[in-house]
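Participant: Sharing a structure with you now.
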Amino acid sequence: MLNTDPHPDHHHAPGATHLSAGPERLPGICPATRHTLTDSLQRPLRDLRISVTDRCNFRCIYCMPKEVFGRDHHFLEREKLLTFEETARLARIFAALGVEKVRITGGEPLLRRELEDLIAMLAPIPRLDLTLTTNGSLLAEKAHALKEAGLRRVTVSLDSLDDEVFRAMNDVDFPVERVLAGIDAAARVGLTPIKINVVVKRGVNEHSILPMARYFRGTGQILRFIEYMDVGHSNGWRLNDVVSAAEIFATIHAELPIEPIDSNYRGEVARRWRYRDGGGEIGIIASVTQPFCRDCSRARLSADGQLFTCLFATNGHDLRSLLRGGASDDDITDAISGVWQSRGDRYSEIRSEETVTLPKIEMSYVGG
Ligand code: SF4
């Protein structure tokens, strides 16, 4: 599918189509053109999740269980991490290929020193929705600097308001109140709307669903309940531990009636609902019981420069060697285009007992 090319002198990724762009000119972004690249299932490349570290100060049981990510776990050495300049260069290239949203992730991204410097490098990219996902542990201290640097909004992971349950889930005895303080700080500086992610695991925190809905209803913050997933190959995932979207809906609707609302865009991961009484919006992310692969527009970049085309991938594509090997922006553009165009991932649609044990990359490495 190739439109007639109004800009023959511009270098275009094979198979790319045109979208006209704004006036600004940034290195690597051709002002007149912004491509939309599609994969083998006609899904556009629209979202890029950038992990800036594989380290975290939590050991959430569904992501980085302590028994696997213990004292002797080898985290990425500093020289293996992309520099902020390398990360920003890749982000500009992805933006020229149609990426409209960049989410900074980790591990825990706020552990990466001077992260606001990277935010300041990314914020000038035209029309980029720049957001970040954090466990909130350092947000109270960092919110103002991140906002000043150009961050638009944040998503905070908070799996329960019950301090005992939360401490058990993060497994480092970290108190709820400090995460709530981070959320308040983000709200004060205007990193809004704030989304609150809650991974629900049966027998652990399903009793937290209603208390969290009651607490955040009417605050403008958007709760999103996430079905527990078989990410990576370390969390001992079992289907029986999944609290389905239908159960989460029924639990809330029984006390706080909700109704469906349209998604904001194709490929949005959360199913959106609103309280009938005007108390705001919530979301449910149902990767296990209601897969959404058919509209998945997400690419992921690990902190050491590997490109992944699915959260449940088993291998990536090395962009760091290109960056450090003297490749031009066009060479890197071609490499990314080639990977995306041959993409056919739809893991959640084909999940089975066999696939659960595949050596999938860890979520803490590729950033959720
Ligand atoms: S399983 Fe993979 S392809 Fe499906 S929605 Fe998730 S990241 Fe996208």
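Laboratory data are not the source of any read-out in this text; all were calculated from the coordinates shown. Note that the coordinates shown come from a computational prediction; the quantities given were computed from them, not determined experimentally. Here the Cβ is made from the backbone with ideal geometry for all residues, glycine too, and neighbour counts use every protein chain on show.
Participant: Can you work out the Karplus-derived ³J(HN,Hα) for every residue in the range 323-339? Use 6.51 cos²θ - 1.76 cosθ + 1.60 with θ = phi - 60°, whole Hz, and x for glycine or proline.
Facilitator: 4, 8, x, x, 5, 7, 4, 5, 4, 5, 4, 5, 5, 5, 4, x, 5
Participant: Any idea what the dipole of the chain comes to, in debye rounded to 20, about its Cα centre with Lys/Arg Cβ at +1 and Asp/Glu Cβ at -1?
Facilitator: With only Lys, Arg, Asp and Glu charged at Cβ, the dipole is about 480 debye.
Participant: How much length is gained if the chain between GLU77 and ASN315 is pulled fully straight, taking 0.36 nm per residue apart and subtracting their Cα-Cα distance, in nm to one decimal? Please report the intermediate quantities before stating the final value.
Facilitator: Working: separation 238, 0.36 × 238 = 85.68 nm, distance 1.95 nm.
Extending this stretch completely gives an extra 83.7 nm.
Participant: Of VAL102, ALA91, PRO65, which is farthest towards the positive pole of the range 65-105's charge dipole, taken about the Cα centre with +1 and -1 on the beta-carbons of Lys, Arg and Asp, Glu respectively?
Facilitator: Of the candidates, VAL102 comes out farthest on the positive side.
Participant: What whole number of Å gives the distance from the Cα centroid of the range 246-293 to the Cα centroid of the range 218-236?
Facilitator: Spelled out, the Cα-based centre of one part sits 13 Å from the other.
Participant: Please find the FRET efficiency linking HIS253 to VAL172, where r is the Cβ-Cβ separation and R0 is fixed at 30 Å, and quote it to the nearest 0.05.
Facilitator: Working from the Cβ atoms, E equals 0.30.
Participant: Ok, one more. Calculate the FRET efficiency for ASP330 and ARG127 from the Cβ-Cβ distance with a Förster distance of 25 Å, rounded to the nearest 0.05.
Facilitator: It comes out at approximately 0.70.
Participant: Mind pulling the angle between the C-alpha long axis of helix 139-149 and the longest principal axis of the chain? Nearest 10 degrees, somewhere in 0 to 90.
Facilitator: It is inclined by approximately 30 degrees.
Participant: Can you tell me the FRET efficiency between GLN341 and ASP163 if r is taken as the Cβ-Cβ distance and R0 is 45 Å, rounded to the nearest 0.05?
Facilitator: E between GLN341 and ASP163, to the nearest 0.05, is 0.40.
Participant: Next question, about the same structure. Per residue of the chain, what 222 nm ellipticity follows from adding -39500 (n - 2.57) for every DSSP H run with n ≥ 4, rounded to the nearest 500?
Facilitator: Value at 222 nm, helices only: -7500 deg cm²/dmol.
Participant: Using all Cα-Cα distances in the chain, what percent lands in each 10 angstrom bin from 0 up to the longest?
Facilitator: Whole-percent P(r) values from 0 Å outward: 5, 24, 34, 26, 10, 1, 0.
Participant: Name the GluC sites (Glu not before Pro) in the range 62-121 that are in a loop by DSSP and that have at most 16 other C-beta atoms within 10 Å, would you? Show your work: numbers first, answer last.
Facilitator: Working: sites: GLU67, GLU77, GLU79, GLU85, GLU86, GLU100, GLU114, GLU116; in loops: GLU67, GLU77, GLU100, GLU114.
Counting only loop positions with at most 16 other Cβ atoms within 10 Å, the GluC sites (Glu not before Pro) in the range 62-121 are GLU67, GLU77, GLU114.
Participant: Per residue of the range 297-307, in order, report the coupling 6.51 cos²θ - 1.76 cosθ + 1.60 (Karplus, θ = phi - 60°) as ³J(HN,Hα) in whole Hz, putting x for Gly and Pro.
Facilitator: Rounded to whole hertz, the list is 10, 9, 10, 10, 10, 7, 5, 9, x, 9, 9.
Participant: Under a point-charge model restricted to the Cβ atoms of Lys and Arg (+1) and Asp and Glu (-1), what is the dipole moment magnitude of the range 74-213 relative to its Cα centre, in debye to the nearest 20?
Facilitator: 580
Participant: When the chain is fully extended, how far beyond the present Cα-Cα distance does ARG238 get from ARG266, taking 0.36 nm per residue of separation?
Facilitator: On the way: separation 28, 0.36 × 28 = 10.08 nm, distance 2.97 nm.
Answer, rounded to one decimal: 7.1 nm.
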